[in-house]
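Quick notes on the structure that follows.
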There are 2 protein chains.
Amino acid sequence: MSAGDATILLVDDHSVVREGYRSVLEKQPGLRVIAEAADGTEAYRLFKSEAPDLVVMDLSMPGIGGIEAVRRIRQWDKGAKILVFTMHQNAGFAVQAIRAGARGYVTKTSPPETLVRAVMDVLAGKIAISPDIDHELAMSRLAGESSAADVLTPREFEVMRLLLAERTTDEIAETLHVSPKTVANLHSLIKDKLGVGSDIELVRLALRQGLLTQVDLGEA
Amino acid sequence: MSAGDATILLVDDHSVVREGYRSVLEKQPGLRVIAEAADGTEAYRLFKSEAPDLVVMDLSMPGIGGIEAVRRIRQWDKGAKILVFTMHQNAGFAVQAIRAGARGYVTKTSPPETLVRAVMDVLAGKIAISPDIDHELAMSRLAGESSAADVLTPREFEVMRLLLAERTTDEIAETLHVSPKTVANLHSLIKDKLGVGSDIELVRLALRQGLLTQVDLGEA
DNA sequence: GCAATGTCGTGAAATTTTCCCGGTGCTCGC
DNA sequence: GCGAGCACCGGGAAAATTTCACGACATTGC
């Protein structure tokens, strides 16, 4: 490996998965993995100290998640090249990641070649999206499913968040310093705007759009 | 590698992850990965043709999931040794996996040594549960959280399934050939038995207990 | 037999959801 | 400045739902 190798920081909370990245990427000449992180905070710290050419980052991680880590790193270095590599084959997550500043989004179901190709593309300054996500994005556009984050006002979004966080209407009213009646009205309005008929559908929509991850659901 | 090596079948829908397994396991003398599968169906087929000493299996996969794959393999070979290796740090999944016939349950957050250790233990005929899951199981016992599958009658469970499947009360009444009123009653009774106050909590409980996986929630 | 339990349904009360309304305050364009 | 539009707050009343109490029936186990 020459001094001109591109340096990479791997971020994933599963050590065995990092091992897989490393194995795939290091077979590729010109790439060198110089550090690994197991969560968002560590990733941010290592990015600052190691200044890698590229970050390959998972999304679902304990503590601050991948999206937030992307945001922080980009805030620190506007030019940071971050490739999100995740299991979520889901347009919602991809949109969030790209908006947060990621330069690529590849799903873990993709063959190794796709990952390598995406790494090269991002290093070359291009945006890399894996074909399955391209398709998901196209579909979600066609289906015209309203994105909760877009159609909802900040207040509505906040109420939805609390609703999904398993709070009762009264608790939410309390924390927001408004009457329970207002919360109930908002609740109803949210479902209307999102086009869902029940709370169950609401949760599922939130899950689909990546507003809620399975791990948020309180493990024990 | 001698002819006496233990043979292993890897099952995971993420190729990069399989690469990681392989890298970790093959560093260990006495182990040999002889096949890989990307979904449950393929796993079953390869188990029959390759007859590996051990299967290392992920749970969340397209098509028939890991739990069902475990069940089928064990049905075909009562002595099959299957180690579940998954991201779900969740007592509910572990209980399901073990009941389906898995001989071990290790989370992907575990360090590589834990995986290797578990592989050895299962090969030696022991049951291997990673420490974090041990703890989860203990906690869920202590919390006395009612397991939906246990406290609900078959009928109630069925209604819950349909409820979570995004069906309206009326649709469910239709498919079950009972009055909508009965479904509403059951719905109420289910929430009562499970000790949840809202549908949102119900969905979250189901998610926690692995009755519903994120992928069930309809990607796009 | 008979007690226990699951299943299905009714009816009526209690609660919640929904819809419509008015009022405030803000920003934007003219 | 000034109206238009929108986010935001909440009241009132109708509509829908949830909940609770109750009865009936079949099945199971002792």
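The values are calculated or read from the model by the stated rules, or taken from the named source; none is laboratory data. Only a predicted model underlies this, so the values are computations on that prediction, with no experimental measurement involved. Cβ coordinates were reconstructed from backbone atoms using ideal geometry, including for glycine residues, and neighbour counts include every protein chain displayed.
Worth pointing out:
- Single residue of the range B:61-103 satisfying the filter (surrounded by 20 or more Cβ atoms within 10 Å (Cβ to Cβ) and among the polar types (S, T, N, Q)) that is nearest to residue B:120 (Cα to Cα): B:86
- Complete set of residues in the range A:14-38 that are charged (D, E, K, R), touching a residue at least 12 places away in the same chain (Cβ under 8 Å) and within 13 Å of chain B (Cβ to nearest Cβ): A:18, A:22, A:36
- Filtered residue count, the range B:183-198, keeping only those that are more than 14 Å from chain A (Cβ to nearest Cβ), near DNA strand C (Cβ under 8 Å from one of its atoms) and either on the phi > 0 side of the Ramachandran plot or not aliphatic (A, V, I, L, M) (or both): 1
- Filter pass, residue A:145 being buried (at least 18 other Cβ atoms within 10 Å of the Cβ), modelled with pLDDT under 85 and more than 16 Å from DNA strand D (Cβ to nearest atom): no
- Answer residue from the range B:166-189, given it is of a type in the set (A, V, I, L, M, F, W, C) and without any contact (Cβ under 8 Å) to a residue 24 or more places away in the chain and is farthest from DNA strand D (Cβ to nearest atom) among those: B:176
- Residue match in the range B:20-30 (condition: among the basic types (Lys, Arg), surrounded by fewer than 19 Cβ atoms within 10 Å (Cβ to Cβ) and assigned to a loop (DSSP other than H, G, I, E, B)): yes
- Hits in the range A:67-90 - residues which are under 10 Å from the mean Cα position of the chain (by Cα), within 14 Å of chain B (Cβ to nearest Cβ) and not in a loop (DSSP other than H, G, I, E, B): A:84, A:85, A:86
- The range A:163-182: number of residues that are buried (at least 18 other Cβ atoms within 10 Å of the Cβ), within 13 Å of chain B (Cβ to nearest Cβ) and part of a helix (DSSP H, G or I): 4
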